[in-house]
Amino acid sequence: MKQKKLRYRQIHLDFHTSPAIPEIGARFDKAQFQEALKIGHVDSITCFSSCHHGWSYHPTTVARTHPNLSSNLLRAQIDACAEIGVKVPVYMTAGVDNITAEQHPEWREISADGKIVGWTGSPIQAGFKTLCFNSPYMGFLVERITETVTMFPEADGIFLDIIHQAPCCCVWCMERMKSDGLDPENEGDRIENARRVLLDYFRRATDACKAVDPDMPVFHNSGHITIGRRDILPYFSHLELESLPTGGWGYDHFPVSAKYVAGLDMPFLGMTGKFHTTWGEFGGYKHPNALRYECAAMVAFGSTCSVGDQLHPSGEADLSTYRVIGEAYKDVEIKEPWCRGARNVADIGLLASAANHLSDPEYKHSRENPADTGASRVLLEAQYLFDILDEEMDFSRYRLLILPDDIVVGEALRSKIDAYLAAGGKLLMTGASGIDADGNPIFAIGARLEGDSPFSPDFVVPVEGLRPELVDSPVVMYTRSKRLVVESGESLGNVHDPYFNRTYAHFCSHQHTPYTVEPSGFSAGVVNGQIVYLAHPVFTQYYMYGAVAYKAYITGVIDRLLGDEKRIETNMPSTARLSLMRQSAEKRHVLHLLYANTITRGANHAPSGSGIASGGNHPPKTVEVIEDLLPLHDVEIAVKLDNVTAVRLEPQGRPVEFTQTAEGVRFSIESFTCHQIVVLEQ
C-alpha cells in the first residue's frame with residue numbers, strides 16, 4: 001500500500017469555492033506554495049479534486065470544472081509537492097454536491113413527512129445540499145471517482161467526505177424497501193434501509209477508488225468515528241479523527257476517539273483546525289499555543305497529526321497560517337522518533353456505551369455519548385491509564401473493566417465477562433449497567449435491587465475514603481438512582497431521600513428539597529469481592545454537572561478496586577493529561593505528560609439593548625480557547641515498571657535521576673511546558 005505509514009504532519013486543505021468568485025487559482029505560485037509548506041514543516045497535504053459546491057479543480061468529462069478556473073490546479077499542487085517530498089492525498093466531495101442537487105432535486109434525501117433533508121432544505125437558504133446514495137447520484141459519484149483516480153494515479157490516497165445516509169423516502173428508497181420486504185411506514189425499517197444503502201455506498205465507492213491502483217488508500221469521513229461500527233472498517237485503509245476542539249467537538253472528544261481506535265490495529269491521524277472556530281473561517285487564527293497542545297495530544301495518544309486550513313480562492317497560500325502551524329509541527333517533527341510504532345499501555349478498559357447500543361433504533365447516537373464522555377473525563381482528569389472498548393475487543397489485558405451507566409449485558413457479553421472475572425479481573429458497574437430485563441443484577445453484587453428510586457434528586461454519604469475533601473454531609477445526586485439493598489456485600493454509603501419531590505404542591509427554596517436527617521435504608525453502592533456496583537449513573541451525572549464531589553466518589557471506588565495494581569501515580573492537577581506507550585522494537589516505555597488550561601470565551605447570544613447586531617450569518621458562540629501555556633512545576637511520577645535502566649527527557653536528551661524500588665521507579669521533573677516526553681529504557 002502506498003501509505004503504509006501515515007505521515008505525522010499533514011494539512012487538510014479545504015477549497016469549497018463559490019462560482020460567484022472570479023479568477024480561481026490565478027495567484028497559485030509553485031514556489032510560494034512550497035515555501036508555505038516548508039514554513040509549516042508539512043510532509044503531507046490533502047488537496048481538492050472536487051468540493052461541496054460541486055466543482056472540479058481540474059479538467060473533467062464527468063462533472064463540471066469551476067467556471068472561473070483556467071488551470072489544472074490539482075495537477076499543479078501535486079507536482080509542486082512532489083518536488084519537495086510532500087505527499088498529496090486527494091479530497092472528493094461525496095454526500096454533498098450543490099450543482100448536482102440543483103440539477104437533480106429528485107436525487108435528494110426525503111424524510112418520511114415528505115420534506116427535503118440535509119444541511120439545507122430551502123432553496124433560498126445559503127448552504128450545502130445532501131444527496132441520497134441510493135439514487136442515480138451514486139452512479140455519477142462512482143464515475144467521478146474513477147475519473148479522478150485515472151487522472152491522478154500517483155495520489156497518496158482518496159478522502160471522501162460527508163458520508164451519511166438518512167432514513168430516506170425518495171422514490172428509489174421506497175422501491176428498495178418494498179423489494180427488500182421492508183415497511184416504509186416503520187421507522188426501524190427505514191433505518192435498516194439506510195444502513196444497507198450506506199454499506200452499498202462503501203463497497204461501490206471503495207471499489208472505484210481502487211479501480212486503477214488496488215493499493216490506493218481510502219478514507220470515508222463522517223466527522224466522527226462511531227465506536228463499535230466495525231462492519232464498515234474493511235473499506236478503510238486508515239482512520240482520520242476529525243475533532244476540532246473550537247469547532248464544536250471540544251477538548252474531550254479526541255482522546256475518547258483515539259483511545260478507541262488505538263485498539264483497532266489501524267493507522268490513524270487526528271484532525272484539528274487552524275481556525276479560531278471551525279471550517280471555512282477565512283481570517284480566523286487559533287493561537288499557536290493551542291495548536292502546539294492539540295498536536296502534542298495527538299502524538300501522546302498514539303496518533304499522527306492533521307491540521308485543517310482553507311486555501312483562498314485565488315490559490316495563494318496564507319503564510320500567516322503556516323507560520324502558526326509551523327510552531328506546532330516543528331515540535332512534532334523533532335518528537336517523531338519516540339512516537340512511531342508506540343502502543344498504549346492501560347490498566348482500565350472502559351466498555352463504550354455507544355458501542356453497546358449501536359443496533360438499538362431507539363438510542364440517539366451522536367458525537368458525544370454522555371456515559372462515555374463522563375467516564376473518560378474522570379479517567380483523564382485523574383490520570384488513569386485506560387482504553388475504550390467495544391464488545392469484540394480483548395478484556396483480559398485490563399486489571400479493571402468499567403461498564404458505565406447503561407450497558408445492556410446479553411448472553412455473549414455475559415459469558416465474556418464471566419471468563420474475565422474467573423481469571424481475576426475486576427468489574428465496576430454503574431446505574432442500569434448489568435441489570436436484566438426484570439430489574440435484577442446479572443452478576444453477584446452481594447445485593448438486591450428494588451427498582452428505581454421515586455425521588456430525584458437524592459443524596460449520598462459515601463463511606464470513608466470515597467468522600468470529597470472536608471465533606472461528610474450528604475451530597476446531592478441529580479440523577480435518579482436504583483433502590484439498592486445490600487445483603488452479603490459491603491455497603492459503600494447511605495442514600496438520604498429528600499422530604500418530597502419538588503412540585504407546585506410542595507417545594508422548598510430555590511432548587512430542590514433538602515435531605516431527611518435519617519438515611520433511607522438504601523445504599524449508594526456495594527462491593528462484593530471483585531465487583532463494585534454504584535446505584536447512580538455517576539458518569540452521565542459527571543458529564544452533565546461536573547461536580548468535583550462526584551469525581552472524588554468515583555475515583556475513590558476505582559482506586560479501591562485497582563489497589564496495588566494501579567500502574568502510575570502522579571501529583572499533576574486535573575487539567576493535566578498523561579499516557580504511557582510501549583515501543584517494543586526499542587525496548588522502552590514512553591510517558592507523555594500534557595498540560596494546558598482551557599478558557600471559555602465568547603457568548604452564545606448578542607447583548608440585548610446594546611445596539612450591536614445579532615451577527616446575522618455569524619451568531620455569537622462560546623469557544624474553548626487555549627492561549628497561555630504555563631509551566632507545571634515539581635511533577636512527581638511513580639511508575640510500576642521492572643528493570644528500568646535509565647530515565648530520560650526527550651527531545652532534550654536529559655537524564656533524570658530515579659529511584660528503583662520493588663514496585664517500580666520514582667522520579668521528579670522540575671518543570672515542563674505543554675508536553676514532555678519521558679523515556680523509560682528497559
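Readers should treat all values here as calculations from the given coordinates under stated rules, not as data from a laboratory. As the structure is a prediction and not an experimental result, all values here were calculated from the model. Positions of Cβ are generated from backbone atoms using ideal geometry, with glycine treated the same way; all protein chains shown enter the neighbour counts.
Report D for segment 569-681 in µm² per second (integer): Stokes-Einstein, Kirkwood Rh on Cα pairs, 20 °C, 1.002 mPa s.
Estimated diffusion coefficient is 127 µm²/s.
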Margin query: Run lengths n ≥ 4 of DSSP H only: what is the helix-derived mean residue ellipticity at 222 nm for the chain, with -39500 (n - 2.57) per run over all residues, to the nearest 500?
Written below: -7500 deg cm²/dmol
Note to self: Using the crude model of +1 on Lys and Arg Cβ and -1 on Asp and Glu Cβ, and no other charge, please compute the dipole size for the chain relative to its Cα centre, in debye to 20.
What the structure shows: 920 debye
Note to self: Student exercise: in segment 9-340, how many lysine pairs 8 or more apart or on different chains have Cα atoms under 17 Å apart?
What the structure shows: 9
Check: Counting pairs of alpha carbon atoms under 8 Å apart in space and at least six apart in sequence, what relative contact order in percent does the chain give?
Finding: 11 percent
Note to self: Using Cβ counts within 10 Å as a stand-in for footprinting exposure, how do His12, His58 rank, fewest first?
What the structure shows: His58, His12
Check: In what sequence do Tyr8, Tyr478 fall when counting other Cβ within 10 Å, fewest first?
Finding: Tyr478, Tyr8
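Counting alpha carbon pairs within less than 8 Å and at least 6 residues apart, what relative contact order, in whole percent, applies to segment 348-566? Don't skip to the end; give the middle numbers.
Values: 455 pairs, mean separation 51.8, N = 219.
Once divided by the residue count of segment 348-566, the mean separation gives 24 percent.
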Check: What is the spread of the Cα atoms of segment 440-495 along each of their three principal axes, largest first, in whole Å?
Finding: 35, 24, 13
Notebook entry, point to check: Along the charge dipole of segment 525-682, Cβ charges K/R +1 and D/E -1, which of Val665, Pro631, Val590 sits furthest on the positive end?
Noted result: Val590
Next item on the list: Sort Met544, Met174, Met92 so the one with the fewest other Cβ atoms within 10 Å of its own Cβ comes first.
Entry: Met544, Met174, Met92
Next item on the list: Mind grabbing the base-10 log of I(q)/I(0) for segment 9-340 at q = 0.09, 0.11, 0.13, 0.14 Å⁻¹? Debye formula, identical points on the C-alpha positions, no solvent, two decimal places.
Entry: -0.47, -0.71, -1.00, -1.17
Item checked: Which label in (1) 26.9, 81; (2) 23.6, 72; (3) 28.3, 92 gives the computed Rg and Dmax of the Cα atoms in Å -> (1)
Item checked: Diffusion constant of segment 613-672 at 37 °C, which comes from Stokes-Einstein with the Kirkwood Cα-pair radius and 0.692 mPa s, µm²/s -> 215 µm²/s
Notebook entry, point to check: If you average the sequence gap of Cα pairs under 8 Å that are 6 or more apart and divide by the length of segment 27-67, what percent do you get for the contact order?
Noted result: 20 percent
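Remind me, what semi-axes does segment 348-566 give for its equivalent ellipsoid, largest first in whole Å, using sqrt of 5 times each Cα gyration tensor eigenvalue?
Largest first, segment 348-566 gives 28, 19, 17 Å.
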